[in-house]
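The values are calculated or read from the model by the stated rules, or taken from the named source; none is laboratory data. Remember, it's a predicted structure, so these values are computed and weren't measured experimentally. Counting neighbours? That spans all protein chains shown, and the Cβs are built from the backbone with ideal geometry, glycine included.
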Amino acid sequence: MQQPIYPPSSRRRRVVLVVLACLAAVPAACVPDVTSAPTLASAQRIVSLAPSATEVLFEAGCGARVVGVTSYCRYPAEAAALPKVGGYLTPSYEALVALRPDLVVLLPEHVDARPYLTTLGLDVVEFDHRSIRGILDSIATAGDLCATHARADATVAELEDLLRRVDERTKERRRPRVVISVSRGQERGFGSLSAAGPDGVYDDLLRRAGGRNAVPPGPVLHPALSPESLIRLNPDAVVEFAPGAVDGIAIRGEWRALPSLTAVARERVFVFTEDFLPVPGPRLVRFTDTLARALHPNDPHAGRPDPQ
Amino acid sequence: MWLAGVSAVVLAAIAAALLIDLPMEGRQEILWRIRVPRVSLGLAAGAALAASGMAFQAMFRNALATPYTLGVSSGASLGAALYMRAALRLDAAGIDGVSLAALAGAGLSTMLVYGLTRLSRAFSTATLLLAGVATSFSITSLILLTQYSSDVTTAFRVGRWLMGGLDVVGFEPVWQVLPFAAAGLLVVTVLTREMDLLVAGEDLAATRGVSVEPVKRLLFFAVSLMVGGVTAVCGPIGFVGLIVPHIGRLLVGGRHRLLAPFSILGGASFLVTCDTVARVAIAPVEVPVGSITALVGGPFFLTLLLWGRANRGFETS
């Protein structure tokens, strides 16, 4: 057998040096992240890379200037009929360039696409839909971009008024501890669910609707909760999002599998099947009112009983 | 003749961009900033992956060896996944941060596998293989943990990255892959005789004057670097490295003097063909190329295996 070429200590040192060199390359590569501010006053051909951005553009009166959307953009109906540029995080750059846009609207989530769009010399504007405030701000931004201030400002005012009324109704009330399920496995009976963690737009929605998140802060943003963890958390109410589901009442019935939950015993399980729930746009902002009415049913101003 | 085949594939893939119904300016932009870089990257990546698979299959005398057997791609994927999970945004010298992180991951996992192998006194092929496979599995579980603890968008990005893709814009990714691919391909084409002898057995190779351990070490590092460089940009694209060399063994035999050029050219044209399918199958939505390679190549290989000249397989090379 062959002898080692280098004595072990020297070899180890070389390995350590190579590893250190690899590690050093990472921070050395740091450059500050510069987010360009929207500079275009009159975009004429806009491509939207997210369903929520499409919805905001149409609400702000920019609809006529939108020339391309993703295959997930189904609302409003005019948007669904527009040319598609591929998926939400996976656009086809050829299809995008072929539409000759002068502005591409994207979200902070588009970190992979953004440098490519810059390479292609396209102007981009970022909407931040990770909070209700961000959604409202993006409507105003869209109004600036298309010079449709009146329409955009009216929409923002309408939504702010709605949020203010919900806040006035609920602020004096006890805030229930709520688990929001954004998706739940049903393949093996009552499976684990993915909950909205204490961050992001659903947490914001819940707070504005007069609830508080029962899920404690942690490293996982959409923590999976097993039936056991649910029983330990024992929230006052459960909100399940089942966008597009046909039978919300049947889904609510499945929660009888966990009779020891306070929320189940007191019939405080609310299932919502609206298909816009995964899209953090203006319709989700309006949904604050629906959610608040579910969580605070004794509200004398409530216009309708619990949904489902 | 082989070169003509590759050229036909490339020209078809590129020329199709000229048929898009657009003003000239738009067509040129698509051609030069998207289509040509993408096809170039496919050529480089396909050649590198197929040559890597061929070299590892020879070195390990194992028909199931792939460029990813030793965990290089797992290391790269973990680097990329951690980078996305940490929501970092950095880049240096025009190289994307995800690629840098993946490259660092590939380098570290290669060093780890090498270090583990050196713990046993000799540079034993069996130890290398086992160390590589074990490292690969451990790293894969770390990737799953990283993905699981991410938000939906990041989990999707990581998942999408793990499927592999060539959808780049501009030539920077191509320049980034080229040095790794060129260096690796050079080593592989120079060592054809040594690989022939390694397939016949290390003892036999030694008696024929091959310095077995230095050759194996050189192959290990050259191929790992090549795979790391490609994976850092394209993500792990499966199947090319496993099957193209076997198609070559069926068509041109197991001698590496012919098999190496076949793998390089065959891998290049195969990946570009698969990427074309991925791009147009349900356009404008693009399918990850990694999910197409096996779909297109599997039936082709099985046809060759069952009805072709099966007597020229791996075991007789």
Per the filter on region B:111-131, residues of a type in the set (A, V, I, L, M, F, W, C), closer than 14 Å to B:PHE60 by Cα and more than 9 Å from every other protein chain (Cβ to nearest Cβ) are B:ALA126, B:LEU128, B:LEU129, B:LEU130, B:ALA131
Within region B:219-228, is even one residue among the hydroxyl-bearing types (Ser, Thr, Tyr) and without any contact (Cβ under 8 Å) to a residue 60 or more places away in the chain? no
Does B:ALA283 satisfy the criteria of being modelled with pLDDT under 80, hydrophobic (A, V, I, L, M, F, W, C) and under 23 Å from B:LEU43 (Cβ atoms)? yes
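Consider B:LEU108 carefully, then state whether it is over 21 Å from the mean Cα position of the chain (by Cα), more than 24 Å from B:HIS246 (Cβ to Cβ) and in a helix (DSSP H, G or I).
Numbers: over 21 Å from the mean Cα position of the chain (by Cα): no; more than 24 Å from B:HIS246 (Cβ to Cβ): yes; in a helix (DSSP H, G or I): yes.
So B:LEU108 fails the test.
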Within region A:128-135, identify whether any single residue is in a loop (DSSP other than H, G, I, E, B), within 22 Å of B:PHE171 (Cα to Cα) and either small (Gly, Ala, Ser) or facing another protein chain (nearest Cβ under 9 Å) (or both), and answer yes or no. no
Filtered residues of region B:222-239 (kept if assigned to a helix (DSSP H, G or I), in contact with a Phe, Trp or Tyr (Cβ under 8 Å, 6 or more places away or on another chain) and of a type outside the set (Val, Ile, Thr)): B:LEU225, B:MET226, B:GLY228, B:GLY229
Among the candidates A:SER181, A:SER226, A:SER192, single out the residue that is small (Gly, Ala, Ser) and modelled with pLDDT of 90 or more. A:SER181
Answer yes or no: is there a residue in region A:119-133 that is β-branched (Val, Ile, Thr), over 19 Å from A:ALA50 (Cβ atoms) and either surrounded by fewer than 18 Cβ atoms within 10 Å (Cβ to Cβ) or touching a strand residue (DSSP E or B) at 6+ places or on another chain (Cβ under 7 Å) (or both). no
Test set (1) crowded, with 24+ Cβ neighbours inside 10 Å; (2) within 11 Å of chain A (Cβ to nearest Cβ) - B:SER52 fails condition number: (2)
Out of the residues in region A:86-106 that are touching a residue at least 24 places away in the same chain (Cβ under 8 Å) and over 17 Å from A:GLN44 (Cβ atoms), state the one that is surrounded by the most Cβ atoms within 10 Å (Cβ to Cβ). A:PRO91
Considering only region B:119-156, how many residues are in a helix (DSSP H, G or I) and closer than 20 Å to B:ALA65 by Cβ? 16
Count of region A:114-135 residues which are under 30 Å from A:ASP161 (Cβ atoms) and acidic (Asp, Glu): 2
With the condition kept exactly as written, say whether any residue in region B:254-275 is more than 14 Å from the chain's Cα centre (by Cα) and outside any helix (DSSP H, G or I). yes
Of the conditions (1) surrounded by fewer than 21 Cβ atoms within 10 Å (Cβ to Cβ); (2) modelled with pLDDT under 90, B:TRP175 satisfies every one except a single condition; which number is it? (2)
Selection within region B:289-308 - touching a Phe, Trp or Tyr at 6+ places or on another chain (Cβ under 6 Å) and among the hydroxyl-bearing types (Ser, Thr, Tyr): B:THR293
Conditions (1) within 13 Å of chain A (Cβ to nearest Cβ); (2) in a loop (DSSP other than H, G, I, E, B); number of the one not met by B:VAL215: (2)
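Output the residues belonging to region A:231-252 that are in contact with a strand residue (DSSP E or B) (Cβ under 7 Å, 6 or more places away or on another chain) and either more than 14 Å from chain B (Cβ to nearest Cβ) or loosely packed, with under 12 Cβ neighbours inside 10 Å (or both). Working first, answer last.
The initial filter retains those residues of region A:231-252 that are in contact with a strand residue (DSSP E or B) (Cβ under 7 Å, 6 or more places away or on another chain), namely A:233, A:235-242, A:248, A:251-252.
Hits for region A:231-252 are A:LEU233, A:PRO235, A:ASP236, A:ALA237, A:VAL238, A:VAL239, A:GLU240, A:ALA242, A:GLY248, A:ILE251, A:ARG252.
The rows are residues; the columns are (1) modelled with pLDDT under 90; (2) part of a loop (DSSP other than H, G, I, E, B); (3) not polar (S, T, N, Q).
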{"site": "A:CYS22", "(1), (2), (3)": "yes, no, yes"}
{"site": "A:LEU57", "(1), (2), (3)": "no, no, yes"}
{"site": "A:GLY61", "(1), (2), (3)": "no, yes, yes"}
{"site": "A:ARG74", "(1), (2), (3)": "no, yes, yes"}
Could you go through region B:17-27 and let me know if any residue there is closer than 26 Å to B:SER263 by Cβ and either buried (at least 22 other Cβ atoms within 10 Å of the Cβ) or among the acidic types (Asp, Glu) (or both). no
For region A:216-257, enumerate the residues that are among the charged types (D, E, K, R) and touching a residue at least 40 places away in the same chain (Cβ under 8 Å). A:ASP236, A:GLU240, A:ARG252, A:GLU254
Can you list residue pairs whose Cβ atoms sit under 8 Å apart, with the first residue in region B:183-210 being farther than 22 Å from B:SER224 by Cα and the second being among the acidic types (Asp, Glu) and surrounded by 20 or more Cβ atoms within 10 Å (Cβ to Cβ)? Count only pairs 6 or more apart in sequence or on different chains. B:ALA205/B:GLU194
Restricting attention to region A:76-115, the residues that are outside any helix (DSSP H, G or I), among the hydrophobic types (A, V, I, L, M, F, W, C) and either within 10 Å of chain B (Cβ to nearest Cβ) or under 25 Å from B:TRP32 (Cβ atoms) (or both) number exactly 8
Name the residue, out of A:VAL215, A:VAL279, that is within 24 Å of the chain's Cα centre (by Cα), over 30 Å from A:SER71 (Cβ atoms), at pLDDT 90 or above and in a loop (DSSP other than H, G, I, E, B). A:VAL215
Number of the condition not met by A:THR118 [criteria: (1) over 30 Å from B:ILE34 (Cα atoms); (2) not in a loop (DSSP other than H, G, I, E, B)]: (1)
I'd like to verify a number: residues in region B:132-175 that are of a type in the set (Ser, Thr, Tyr) and at the interface with chain A (Cβ under 10 Å from one of its Cβ atoms), how many? 5
Any idea which of A:THR148, A:THR119, A:THR155, A:THR141 is out of contact with any Pro (no Cβ under 9 Å at 6 or more places or on another chain), touching a residue at least 24 places away in the same chain (Cβ under 8 Å) and of a type in the set (Ser, Thr, Tyr)? A:THR148
Go through region B:25-65 and give me each residue that's within 23 Å of B:SER7 (Cβ to Cβ), in contact (Cβ under 8 Å) with a residue 12 or more places away in the chain and charged (D, E, K, R). B:ARG33, B:ARG35, B:ARG38
